[in-house]
Each structure stands twice: as C-alpha cells, then as structure tokens.
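The values are calculated or read from the model by the stated rules, or taken from the named source; none is laboratory data. Note that the coordinates shown come from a computational prediction; the quantities given were computed from them, not determined experimentally. Cβ sites come from the backbone with ideal geometry, for glycine too, and all protein chains shown count toward neighbours.
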Amino acid sequence: MKSHKNTYAWIGIIGVIIASFVLLWPLGKSGFFITDDGDWMIIRLSAFYQSLVGGQFPVRFLGRLNHNYGYPVANFLYPGFLYVGSFIRLFGFTYVDVVKIILVLSVVGSGSFLYVTLKKKYDTLSSFGGAVSYILSPYVVFDLFKRGSVGEIFAFLPASVLFFGILGDITWIIPIATALLIVSHNSLALLFLCVSFVFASLSTRRWVYFRGMVIGVGMSTFFWLPALYERRYVLFDSVSISDPYAYFMTLLNWQLLGVGAVASFLVLVSRAHKFTVFEKCAAVITLVSVIFSLSLSRIIWQWVPMLASFIQFPFRLLSVVSFVGAFSVSALLQVLTKKNRVALVFALFCVLFYTTVRYQQSIYYVDRTEGYYSTNEGTTTVKNEFMPRWVQTLQTTRANQKVEVLSGDAVFTSIKETSQRIDGLLEVEAKSTIQINTIYYPGWGVTLNGVLIPVEYDNPYGLMHLTVPKGSYKFEASFRETGFRLITDVVSLIFGIIYLTGMIRSRLRL
C-alpha cells in the first residue's frame, strides 16, 4: 500500500512539472520577452554581479548604475535573486539565461513544495489540483509575462518552503525559508510572513515555529534593518512612485482573481462540518486579500498610508490569493467523490491551460546582446527613488574620468578602479580640490597615505570632493560597511551560528 502511495505522489510531482512547462515553455525561446521590469532586473543583476566579484559583500552600492556615478539600490530592494543569480552566473551562463533559470527554479520549486505541503492534508489528485491552480493562476501568468517581476516570482519559492516547514512540521527548514523570503521581495515577505504567522498559530507547536521564524528574521538582519534605518538618506519617502489607488482590481481584469478566490468563497458558504479550522482560515485569508485588492477597501488603505507606500500596488495581494487559495481548491476537491474529483481536476487543468496559452500569444520577444545588459547604466528603478537626498541634480551622461582636479595643481597616475574602489598615485604641486565622480553614500571613505580624510558632498550632484594639500600621496577611495551595517552583519552571523548550533544538537540527539 505504501509503495502505491509513493507512486501516486511521484505522479503528482510529474504533473506539477508538466503544468510548470505549460507556463514556462516561452522561456526556451531566444532572447527575453518585453515586460514592465524584466530588462531592468537583468541589468541590475549584471551590476550586482560586477560589484560582488569586485569584492563588495554584502552588496549594497552598485557603482556602474546611475551613469557610472553609483546607486545604492541593492541596500533597499530584494537582493535575494541577485545573490542566487550571481552564483549561477559563475558557471558561465549569460545574464538572460541566469534570469530564466531563476524563473524556472522558482516556479517548479514553489509548485512542487506547495504540492507536497498539500499532500500532507489531501490525496494526490486534490493536491495536484491545488498546485495547478497556483502554477497556472492568471496572476502568476500576468506577474511573469506582463510585469516581469523576477523578485516576486522568486519569493514564491521560499514562501512555499516556509509553508511546507510549518504545515509539515519540518522545523529545521523554517529559519532558512524565513531568511530567504525576507531578502526575496520586500512586499511579499511582509504578506507571506503574516500568513505564515497565522498558520503557525493554529498549531499546538506554534512556539517552535515562531522561534524558527524569529531566527530567520535574525539571519536576514543584514538586509532589512539597514534598509529601514537608511531610508532617511534617500528620496523614497518623499517620492510618489505610483498612485496605489490606481492599481485596484476592476471589472476589466477580474479574471486575475483566479479559481482560488472562488474556491475560498465556496469553502466559507458550504456546510461548516465539511472543512477544518485551518481550511476556513485559509479561505478567510484569501478573501480578505481579495477585498484589499478592490477599490472598496480604499478607505482602509488611506488610514494606513505607510502600508500603501510599502505595498505600492493593491493588486499585489493577488499573490496571496493565488498561493493560499490553492488550499481551498484542494479542500473542495477532497470532499467530492473520486469520479467528480477526476472530472473537475481535468476541467480545471484544461481551462487554465487555455487561458495561459492564450495569454502567451501576446508575448513579444527582443534578442539583445549581452553587452546591452552588462554595460547599461540606468538606475533600474522607476523614479530614482533610492537616490541620496543630497543629490539635487541628476546626471544624464557619464563622466570622462573617474577622478578629476577641480582647482589647484595635481596629477593622478596609475589609476585603477572597480565599481567600489579607486586607487592610484596623486602628486599635488599646490593645494587642490579633487572630485570623485561617484555620488557619496555612507560607507564611502578616502585615504591619503593610509590616513582617512574628510569627504565633502554639499554640491548639486552629491559627488565626493576632497581638499588636498601639497605633497605626494597614495590615494584610495573605497566603499565599505559602516559601523551600523557591520553590527547588523554580526547579528546575522550570530543568528546563523545559533541556527547551526541548534541543528547540530538536534542531530546528536538522534
């Protein structure tokens, strides 16, 4: 009997892979499809990789962006897929192929983990139906092929692993999944952590799961705490990136709700004894997410403007609808007779297959050279919202040289530069003012003959200026961790050690 169950389980995994192929087959074409953010994500990955191999870790300041004047975007926006992508890049893949690999791993991985999580509660067919309702959900299709949101698609993977850890009682995986989720996508991390907290609360082992999540939050401190603390340095809070109230669900795009929303409604209106407290809770979470994606929730968004600025797009809550709604789909299938279950899963797959393929027919491809991505110097954000506040005038072209003499008499020789380090020899015949054509951001420092000197940046472009007296110097400018960031790095390391120590102790008890 057990071997038959294992066979059915593997059939379900194969079905998940087939469903993933239905969604992902366009990635096999040459080039990349045109999306809102896709090209920017590839460009950011290339700049991130250059900074990482140049010696910056953790990566926070991308020196190539902003016309080679630098941009601290990696300090604020989800670096998870960038770290994973940089690792894949080491194997010689192009940047486009790296992003495609990330998308494939994210969809197949999240679909598979969701399936095995559902399998803890439901039979193979019902679990497969739930997983397919997520993989081929209209919002995931839209997110992938219209928005090109690599970070969001990637975030589904650690979210699915976190749910698997909580609902499958696999405690050792919860800290890793939590940490990876936090660095995968800012908004989705908040949403899915809230859902995970609710799910964990329904278990008698809630404190074990809470502890694992806290450790994961601690392990990711190096990212989220500097991102929150250093918002004071950038324009983010003073720039209207988009009008959140223009991105509610409407009658024109109602189909993005998917079958998960319908299934959740049916769970709640069906006879109460059919479904468990967990299933009702999942249905409520799904429908609340639907409500918050509709304009009728506008007044709630207006009450909490900080939440609106953080989530940015109310329809982003459909990520929760697509994922958590899968539990309602499986729950509904489970209460049907086997014959009806087979028929409904087949019908569900056919409908989702049709809507997915139909949407894919509108995809347009462009085959750019590798150099387009590896040399592009845009900021990769909509309104340069992570530009330091002291930058009053934006540059439109790159400088002819990285360092230049504004006044006085000085000559640079043997200049070497990377995206976060510039060094060389400086001969000053008379007191001079030197300009480094990189915007200042905390972490940049300059030494002359190993002595740290003051850096000024109170100029319209926010560039680094130095006043240097007569003499011969070994010049070095580099970007390093500030004291505060170093503390957060140490905190992450400490929590990592706590996690590893706990793992070792648990293994020794076995």
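General observations
- Selection within segment 301-335: residues that are β-branched (Val, Ile, Thr) and within 26 Å of the chain's Cα centre (by Cα). The member of this set that is surrounded by the most Cβ atoms within 10 Å (Cβ to Cβ) is 321.
- The set of residues from segment 419-463 being within 24 Å of residue 376 (Cβ to Cβ) and in contact with a Ser or Thr (Cβ under 8 Å, 6 or more places away or on another chain) comprises 419, 420, 421, 422, 443, 444, 461, 463.
- Just one residue in the set 224, 207 is part of a helix (DSSP H, G or I), under 17 Å from the mean Cα position of the chain (by Cα), among the hydrophobic types (A, V, I, L, M, F, W, C) and assigned by TED's automatic domain parsing to the domain that holds residue 310; that residue is 224.
- Test: residue in segment 212-228 that is among the β-branched types (Val, Ile, Thr), without any contact (Cβ under 8 Å) to a residue 24 or more places away in the chain and surrounded by fewer than 18 Cβ atoms within 10 Å (Cβ to Cβ): yes
- Residue that is at negative phi, in contact with a Phe, Trp or Tyr (Cβ under 7 Å, 6 or more places away or on another chain) and modelled with pLDDT of 90 or more, where the choices are 461, 441, 499: 441
- Restricting attention to segment 497-510, the residues that are surrounded by fewer than 18 Cβ atoms within 10 Å (Cβ to Cβ) and either of a type in the set (S, T, N, Q) or under 28 Å from the mean Cα position of the chain (by Cα) (or both) total 7.
- Any chance residue 425 is over 30 Å from the mean Cα position of the chain (by Cα), of a type in the set (A, V, I, L, M, F, W, C) and modelled with pLDDT of 90 or more: yes
- Taken across segment 37-53, residues that are in the same structural domain as residue 130 (by TED's automatic domain parsing), touching a Lys or Arg at 6+ places or on another chain (Cβ under 7 Å), more than 23 Å from residue 441 (Cβ to Cβ) and not in a helix (DSSP H, G or I) do occur, with at least one present.
- Helices (runs of 4 or more DSSP H) fully within segment 295-379 counting 1 or more residues that are farther than 24 Å from residue 248 by Cα, assigned by TED's automatic domain parsing to the domain that holds residue 119 and touching a Ser or Thr at 6+ places or on another chain (Cβ under 7 Å): 318-334, 338-360, 370-375
- When residues of segment 464-491 are limited to those that are among the β-branched types (Val, Ile, Thr), farther than 29 Å from residue 379 by Cβ and surrounded by fewer than 16 Cβ atoms within 10 Å (Cβ to Cβ), the one modelled with the lowest pLDDT: 467
- The residue of segment 43-59 that is nearest to residue 381 (Cα to Cα), among those that are among the polar types (S, T, N, Q) and crowded, with 23+ Cβ neighbours inside 10 Å, is 46.
- Residue match in segment 77-85 (condition: touching a residue at least 12 places away in the same chain (Cβ under 8 Å) and either more than 27 Å from residue 33 (Cβ to Cβ) or of a type in the set (S, T, N, Q) (or both)): no
- Selection from segment 358-400 of residues that are basic (Lys, Arg) and under 30 Å from residue 443 (Cα atoms): 383, 389, 398
- Considering segment 265-282, the residues that are part of a helix (DSSP H, G or I) and over 15 Å from residue 126 (Cβ atoms) include one that is modelled with the lowest pLDDT, namely 272.
- Being modelled with pLDDT of 95 or more, more than 19 Å from residue 493 (Cβ to Cβ) and β-branched (Val, Ile, Thr) is not true of residue 214.
- Single unsatisfied condition, residue 242 versus (1) of a type in the set (S, T, N, Q); (2) free of Cβ contacts under 8 Å to residues at least 40 places away in the same chain; (3) under 23 Å from residue 379 (Cβ atoms): (2)
- Of all residues making up segment 283-297, the number that are touching a helix residue (DSSP H, G or I) at 6+ places or on another chain (Cβ under 6 Å) and either free of Cβ contacts under 8 Å to residues at least 60 places away in the same chain or over 15 Å from residue 199 (Cα atoms) (or both): 9
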